[in-house]
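For reference, the structure is listed below as structure tokens.
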Amino acid sequence: MVPVQVSKGPVNVIKILQKAGGFAVFIRLIKSTQEDIQVFSQLNDSRDGVTIFAPTDGAFSAIIKSGVLNSLSDHQKIELVQFHIIPKVLTTANFQTVSNPITTLAGSGSRFALNVITTENMVNVTSGLTNTSVSAIVYTDSQLAIYQVDKVLLPLDIFAPKPLAPAPSPPKPKKDDGADTPMVPKDISGAVSCVMLNTMLISGVIMKAGGFAVFIRLIKSTQEDIQVFSQLNDSRDGVTIFAPTDGAFSAIIKSGVLNSLSDHQKIELVQFHIIPKILTTANFQTVSNPITTLAGSGSRFALNVITTENMVNVTSGLTNTSVSAIVYTDSQLAIYQVDKVLLPLDIFAPKPIAPAPSPPKPKKDDGAESPLAPEDISGAVSCVMLNSLVIFGAGMAAAVFPL
């Protein structure tokens, strides 16, 4: 990008961004929050100048598509814009000597920390949630510098969960003779933009779709939303979720089966619906079965996808269903609606009964041998029968409580 040239006179940030093109969303945010007035005041009343990191329209697309941007309060939108504005002009040369964290109009401190790290040919900008780099110089003079960034800078104060209690002091690092290795911030901007789903993914996108209240409660109660967040953050493989509808859960709720599961079994049940890899509808045709889920793999956690001409069938060995709708999809996340709960064999199928121990050899005596009494395995049988009842939900009269 060639830096924008403007005519002499008062500098107008909005006009500069409009002339550069590709910043329509950021311009609307600046206007709606009246931060253009704040910038004008800073340029007018101070000799320090202003630096702006301007996210492109493409940078905003994910948090617009997921509904995250519209879910912010007016105050949060103001802070989001202010987090992109530094009340001091920074040239590209200044970036090499700037003190981190940089204070923005949003404030300072750990939850509004913005850091700039320079390499040989790159200026990296990180907020603790977003890791991006300056991709172009939009405008620069002695008082104003505007740099293009391709991701929205997400401040911890808005987008990260608030700490419930102060963390304990970290242990003192051990001394060694080697040089300290610099910490590279993790890039979770893509994850946040998608996953602000509950941490705005699950309870955002799925809730917005409607009809998945039970699955959302399960994901929250098992904290698998955090697991999905971690998968999107730490891996480029993405995530695929088979989301059962409320109707799909009705049978195992009415029979009391769902409430009879242990906490660990509920975790495994949710994980069995999550694949640590993005699968598009085209991928289903070539995927290798069985598919590994977050619950694991192997014969007792086997999940198979079989495609026909116009259908994607999903089977667990106990459940046979098909994808009935696409709830959400992008380059990192795919959520598909299924109309039956996927029941893994490891939880819902009877466990094989261990072989009975060999009977002890009878002691020799002069009398007649006493007949061996058969071992009582009625308890084992009753457990197996219970598992069978769990599968089919038959004859169980248990009260249904919310998850």
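The values are calculated or read from the model by the stated rules, or taken from the named source; none is laboratory data. Please read all numbers here as calculations on a predicted model, not as lab measurements. Heads up, the Cβs are rebuilt from the backbone with ideal geometry, glycines too, and the neighbour counts pull from every protein chain shown.
Can you tell me which residue is surrounded by the fewest Cβ atoms within 10 Å (Cβ to Cβ) among those in the stretch 102-138 that are over 23 Å from Phe23 (Cα atoms) and at pLDDT 90 or above? So, considering only residues that are over 23 Å from Phe23 (Cα atoms) and at pLDDT 90 or above, the one surrounded by the fewest Cβ atoms within 10 Å (Cβ to Cβ) is Thr103.
Ile63 falls short of the stated requirement of being β-branched (Val, Ile, Thr), in contact with a Leu (Cβ under 8 Å, 6 or more places away or on another chain), closer than 21 Å to Asp150 by Cβ and at pLDDT 95 or above.
The listed residues are Asn94, Asn44, Asn124, and the only one of them that is touching a strand residue (DSSP E or B) at 6+ places or on another chain (Cβ under 6 Å) and in the same structural domain as Tyr139 (by TED's automatic domain parsing) turns out to be Asn124. Listed here are the helices (runs of 4 or more DSSP H) enclosed by the stretch 217-295 that have at least 2 residues being within 14 Å of Ile347 (Cβ to Cβ) and assigned by TED's automatic domain parsing to the domain that holds Ile326: 257-260, 263-271.
Residues that are of a type in the set (Val, Ile, Thr) and in contact with a strand residue (DSSP E or B) (Cβ under 8 Å, 6 or more places away or on another chain) occur at least once in the stretch 241-264.
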